[in-house]
Amino acid sequence: MKQIITFIFLVVGCLSYGQGICTDCGPAGLENNRTNIVSGNEKLSPYNGIFHLRVTRGFIRTNLSTGTFIANDLIITANHNLMYSPFITKVEFFLNGNWIKISNYKIYHYHQSFLHKRNKDIAILKIFNLEKLKNISHTNFIPCDYSKIESTAGINFNLTGFPCDRPDTLVEKTTWSDNLLSDQTNTVFSYKKLYTCTGDSGAPLWFEKEGRNFIVSIHHGGNDFGAFDDNNTNVAIKITPDIITWINTKTHSKF
């Protein structure tokens, strides 16, 4: 019986996150408020630290999503991109013009359950076969607690990912701190004025300061778990002190 239940979860989960048409884009009317990162700029810092992530579960290849390096051996993304990790058979990412298969890795889920907890939608992928990356340069972003920023005045916050409506293109959306709203638990951001699609899942919301690039949240998708009254908005999971502590504990890092 246990094997049957597990199989049903696997099939339903894989179909839910499997290949499909480009969906879940919005809010409408903001499609053109985005910039394509092209003409070689996607291979330069800091954009060479953000990449297409592709996961295969069994024989089902999921939609492409977005991941970001936070260390040479650590990738941060949305947890739902790496759900049902026992059934993942292949992890690949597209970096600097190359599809790279990662065969030796470990996945850390901020919340691990078949019943995905959307307000804890963050995961870390730790890579052990670093020889595949030794000739590929990339930028490492820094997880940052938004509340610790002394002043957000004049800071551009960028949401940079791979939306499905612009295939294989890194796309950037920019906003100001005034447009970032927190939920009651202070763990989720809302950004109504940023247009996103399937594929942006896991994209970093980040800013640059003094030559360093800081991530303040990871894109989840739409407001599908009621964090805000307005359903016509997109949301991201904040990098909180608890998440930084969790990353440091699991990966023996010092962020």
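Scoring residue 215 on the criteria (1) part of a helix (DSSP H, G or I); (2) under 15 Å from residue 172 (Cβ atoms) leaves a single failure, condition (1). Restricting the search to the range 167-221, which residues are more than 20 Å from residue 143 (Cα to Cα) and of a type in the set (Phe, Trp, Tyr)? 195 - this is the single residue of the range 167-221 that is more than 20 Å from residue 143 (Cα to Cα) and of a type in the set (Phe, Trp, Tyr).
Counting only residues that are open to solvent by 20 Å² or more (accessible area, probe 1.4 Å), give me the strands (runs of 3 or more DSSP E) lying completely in the range 49-131 with at least 3 of them.
Details: elements: 50-57, 65-71, 74-77, 88-95, 98-102, 105-109, 123-127.
By residue number, 88-95, 98-102, 105-109.
No other residue among 153, 123 is under 19 Å from residue 88 (Cβ atoms), out of contact with any Pro (no Cβ under 9 Å at 6 or more places or on another chain) and of a type in the set (Gly, Ala, Ser) apart from 123.
Does residue 213 meet the test of being in contact with a Pro (Cβ under 6 Å, 6 or more places away or on another chain), open to solvent by less than 20 Å² (accessible area, probe 1.4 Å) and either polar (S, T, N, Q) or farther than 26 Å from residue 72 by Cα (or both)? Taking the combined requirement at face value, the residue satisfies it.
Any chance you could count how many residues in the range 118-143 are over 15 Å from the mean Cα position of the chain (by Cα) and either modelled with pLDDT of 90 or more or closer than 20 Å to residue 205 by Cβ (or both)?
Start the filter on the range 118-143 by keeping residues that are over 15 Å from the mean Cα position of the chain (by Cα), which leaves 127-139.
Filter again for either modelled with pLDDT of 90 or more or closer than 20 Å to residue 205 by Cβ (or both), leaving 127-128, 138-139.
So the answer is 4.
Considering only the range 233-250, state which residues are over 14 Å from residue 146 (Cβ atoms) and basic (Lys, Arg). Within the range 233-250, just 250 meets the criteria.
Within the range 168-178, is even one residue in contact with a Leu (Cβ under 7 Å, 6 or more places away or on another chain) and either at pLDDT below 90 or hydrophobic (A, V, I, L, M, F, W, C) (or both)? The answer is no; no qualifying residue exists. Once the range 160-187 is narrowed to residues that are within 17 Å of the chain's Cα centre (by Cα) and within 23 Å of residue 243 (Cα to Cα), the residue that is most open to solvent (accessible area, probe 1.4 Å) is 187.
Counting only residues that are under 18 Å from residue 165 (Cβ atoms) and at pLDDT below 90, the range 42-65 holds 3 of them. Residue check: is residue 71 within 13 Å of residue 127 (Cα to Cα), touching a residue at least 60 places away in the same chain (Cβ under 8 Å) and under 17 Å from the mean Cα position of the chain (by Cα)? Yes, satisfied. For the range 188-202, which residues satisfy the criterion of being surrounded by 24 or more Cβ atoms within 10 Å (Cβ to Cβ), under 12 Å from residue 164 (Cα atoms) and not small (Gly, Ala, Ser)? Residues satisfying the conditions are 196, 200. Restrict the check to the range 223-242 and report whether at least one residue is without any contact (Cβ under 8 Å) to a residue 40 or more places away in the chain and open to solvent by less than 30 Å² (accessible area, probe 1.4 Å). Taking every residue of the range 223-242 in turn, at least one turns out to be without any contact (Cβ under 8 Å) to a residue 40 or more places away in the chain and open to solvent by less than 30 Å² (accessible area, probe 1.4 Å).
The values are calculated or read from the model by the stated rules, or taken from the named source; none is laboratory data. Note that this is a predicted model, so its numbers are computed, not measured. Ideal geometry is used to build each Cβ from the backbone, glycine not excepted, and the neighbour counts take in all protein chains shown. For accessibility, only protein heavy atoms count, side chains too; no ligands or nucleic acids. Shrake-Rupley method; radii C 1.70, N 1.55, O 1.52, S 1.80 Å.
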